[in-house]
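**Student:** Following this message is one structure expressed as structure tokens.
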4 protein chains.
Amino acid sequence: MPSEAEAPSSRGGERETARIEAFSDGVYAFAITLLALELHVPHFSEGKGELSARWLCQALAAEWPSYLAFAASFLTILVTWTHHHALFRLVQTSSRRLQFANGLLLLLTTTISFPTAVVAEYLQTPAAPAAAMFYVGQQVLLASAFLVLLHVATGPGTLSPEAPPESVRRMKRSYALGPWLYAATMAVAFFSPKLAIAITTGLWVFWAFVPP
Amino acid sequence: MPSEAEAPSSRGGERETARIEAFSDGVYAFAITLLALELHVPHFSEGKGELSARWLCQALAAEWPSYLAFAASFLTILVTWTHHHALFRLVQTSSRRLQFANGLLLLLTTTISFPTAVVAEYLQTPAAPAAAMFYVGQQVLLASAFLVLLHVATGPGTLSPEAPPESVRRMKRSYALGPWLYAATMAVAFFSPKLAIAITTGLWVFWAFVPP
Amino acid sequence: MPSEAEAPSSRGGERETARIEAFSDGVYAFAITLLALELHVPHFSEGKGELSARWLCQALAAEWPSYLAFAASFLTILVTWTHHHALFRLVQTSSRRLQFANGLLLLLTTTISFPTAVVAEYLQTPAAPAAAMFYVGQQVLLASAFLVLLHVATGPGTLSPEAPPESVRRMKRSYALGPWLYAATMAVAFFSPKLAIAITTGLWVFWAFVPP
Amino acid sequence: MPSEAEAPSSRGGERETARIEAFSDGVYAFAITLLALELHVPHFSEGKGELSARWLCQALAAEWPSYLAFAASFLTILVTWTHHHALFRLVQTSSRRLQFANGLLLLLTTTISFPTAVVAEYLQTPAAPAAAMFYVGQQVLLASAFLVLLHVATGPGTLSPEAPPESVRRMKRSYALGPWLYAATMAVAFFSPKLAIAITTGLWVFWAFVPP
């Protein structure tokens, strides 16, 4: 809580950061909840055999690719949120630049479900390489947006003086790797779409465990 | 409000918990609001008799199963939120483990509408046992996720020193029961789908009144 | 900010109220944003004359009932939020009862779009009386939920000692009127659906200006 | 943090502003996330040639107008949020008038996707002038709502005594221009729809960089 002696701009800066985080939390929460709309009740129609408990079990089991896509998107957004969180703990004051770097990251977060749906529809078809490259390409952009946001967040006047320099250095190192790792995975996608998707998901599991 | 003397990590811990709660509140709020999209205006078409006030009354009344499913899902998410709330009052600091245990719970919360819709479509058909087991199975997973989150939340370094030990013991006892109760209900669903749904809803009314 | 000497339960109470408000704000924000999904782009098809600027102007103008329904629903949710807001300023601590009274109110808020859509579809048909009674009936329930929430919120142990007694008395007086006013409007709906809708909307404008 | 000596109304005022901001942040977050629902997976059907990676690349590339519309709407809502943010930093206490001026602004924000979709559907048709005028007309209303909100927010009893007078003057000057700039663009839309859309988007880029 700022003392009376503090300048209004610094007080405003504190509130701005709180609102950026609240706004971002809203976007993450909504993006992660919307994913559930992609789960569809299997519909029975004549000519599909007999409507029985066995049929429903098989119909629900046959939807495993959409469960997997749901879980992968959920994990991606959750891990992204975790990193957004860790990143904003370093920030002291806000600025227009921070708001727009954050906005770019959110734009790429809310659109994650789009390439995921493209992959879900085309992974078993001859168009799989294009679908996988589109999916991994989005991750290249997402990782780049994180790098931009980290750069802005750790700039002078924005970085909190209490932020441990060791954390900042570690994040800078690991975020700088991101775009290159995904770009390399994009090349893999051209030859083996499924391997590329597996690597991308594995990277998210890795980001989940990397120290923030 | 932390004094200047406090370590940055403890301050960060406080903010992290606030953001986990804000993010979770967002997910609960959207998940509960999205349920209303399942209520559909009855459409009149030729061959359904005469378009009259009486017809509309009957058409609206005939939708009672979807009102019931809506109310049951609403109650489930509201009670879940109440428990999430009580659980986080025990937490002092945050951690990666807490974020992911919480994420698993949210994943199972946002997908509640899916098995509910399956039950709504198949409860009156021969596939009812499979639908009811799918619905109750989701509750087994949800109750297990609560148990995992409670375990992580009450671990050393996470539990608030102000948390009343009696509350913690009581929650541990009642949460440990959850998965077994639902697993038993799943067995019931095989023989009597409607009874299993009634028991599940009854359990939510019970959780609503159990002291937190 | 509670001093160290304060009991944990009182600190918890403060946080609980904050989370009820945050959760409710999320529900209101989402419910009000979802309304925009009811606005549809007019589609041109062969046999509708020539595709011209004049045609598009007329097609957009012809959608005035849905603009009106949107504005009315938006006003309803906004005024409801304003009252929710004023009501929670009176509250000091939280309780299970408050959470469920609030949950009932939110349930009736998230479903406002359903009777609104019924009215929009049937107001120009012979089924109009049933549609209007359904719409006003929802408002009877909503006003009753406000009365229940006010009763719980102003109970001993929940009401803030700082709440001005005059405000509490005034709210109790005006909220007790609500259900009766809407019930009377429901009777009007049987004879004149459009008048009933106009009265209901007029009442919301009235609630908007009534001192909180 | 108010001292015990402060009047309850001032404390309430503080909480009201926090809830208006939280509610508005929720609306902005959902409005911006809902935009992603407009991105559709291209569907392959017989008679479209061969299903290949090349076909999918072309199909995804052919959707550029919807990517552009998405990015433009995202930018509009993000810049609007930035200004909402800057505006509320000037506010000390809340009032009914502020809540309704803010509500009007939110109404016009949540409906941005509607004229955007109209433009996306009709920009390449003879109806383009009507579509563009409808789109720019919405912006006239939005800019007017900002002017109304600024007027209410900077009124006596609402404006924070800490708000820098220079900022207030600058915002008043630039916000007063808004409606006129968009009205002039609306006239342009009658003759050149595409130029009008370009000017409107250019103005948002301008608002993004104008000092708050």
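**Student:** Among residues belonging to the stretch C:152-179 that are within 14 Å of chain D (Cβ to nearest Cβ) and either small (Gly, Ala, Ser) or outside any helix (DSSP H, G or I) (or both), point out the one that is most open to solvent (accessible area, probe 1.4 Å).
**Tutor:** So the residue we want is C:Pro161.
**Student:** Would you check if A:Thr185 is open to solvent by less than 60 Å² (accessible area, probe 1.4 Å) and either among the charged types (D, E, K, R) or within 14 Å of chain D (Cβ to nearest Cβ) (or both)?
**Tutor:** Numbers: open to solvent by less than 60 Å² (accessible area, probe 1.4 Å): yes; either among the charged types (D, E, K, R) or within 14 Å of chain D (Cβ to nearest Cβ) (or both): no.
In short, no.
**Student:** Only residues in the stretch A:102-131 that are more than 8 Å from chain D (Cβ to nearest Cβ) count as the first member; pair them with residues that are outside any loop (DSSP other than H, G, I, E, B) and charged (D, E, K, R), Cβ under 9 angstrom, at least 6 apart or cross-chain, and list the lot.
**Tutor:** Listed pairs, sorted by first residue: A:Thr116/A:Glu38; A:Ala120/A:Glu38; A:Leu123/A:Lys194.
**Student:** Could you check the stretch B:26-82 and list, in sequence order, the residues that are closer than 23 Å to D:Gly26 by Cβ and not aliphatic (A, V, I, L, M)?
**Tutor:** Scanning the stretch B:26-82 gives B:Gly26, B:Tyr28, B:Phe30, B:Thr33, B:Glu38, B:Phe70, B:Ser73, B:Phe74, B:Thr76, B:Thr80, B:Trp81, B:Thr82.
**Student:** Given the condition modelled with pLDDT under 80, farther than 27 Å from D:His83 by Cα, surrounded by fewer than 19 Cβ atoms within 10 Å (Cβ to Cβ) and charged (D, E, K, R), answer yes or no: does some residue in the stretch A:12-30 qualify?
**Tutor:** No.
**Student:** So how many residues does the stretch B:194-208 have that are open to solvent by less than 20 Å² (accessible area, probe 1.4 Å) and at pLDDT 85 or above?
**Tutor:** 3
**Student:** Can you pull out the helices (runs of 4 or more DSSP H) entirely within the stretch B:42-120 that have at least 3 residues that are at pLDDT 85 or above, surrounded by 21 or more Cβ atoms within 10 Å (Cβ to Cβ) and not aromatic (Phe, Trp, Tyr)?
**Tutor:** Numbers: elements: B:53-61, B:64-88, B:96-110.
Output list reads B:64-88, B:96-110.
The values are calculated or read from the model by the stated rules, or taken from the named source; none is laboratory data. Everything quoted here is computed from the prediction, not taken from an experiment. Backbone-built Cβ (ideal geometry, glycine too); neighbour counts: all protein chains shown. Surface areas here come from the heavy atoms of the whole protein model, side chains and all, with no ligands, DNA or RNA. Shrake-Rupley method; radii C 1.70, N 1.55, O 1.52, S 1.80 Å.
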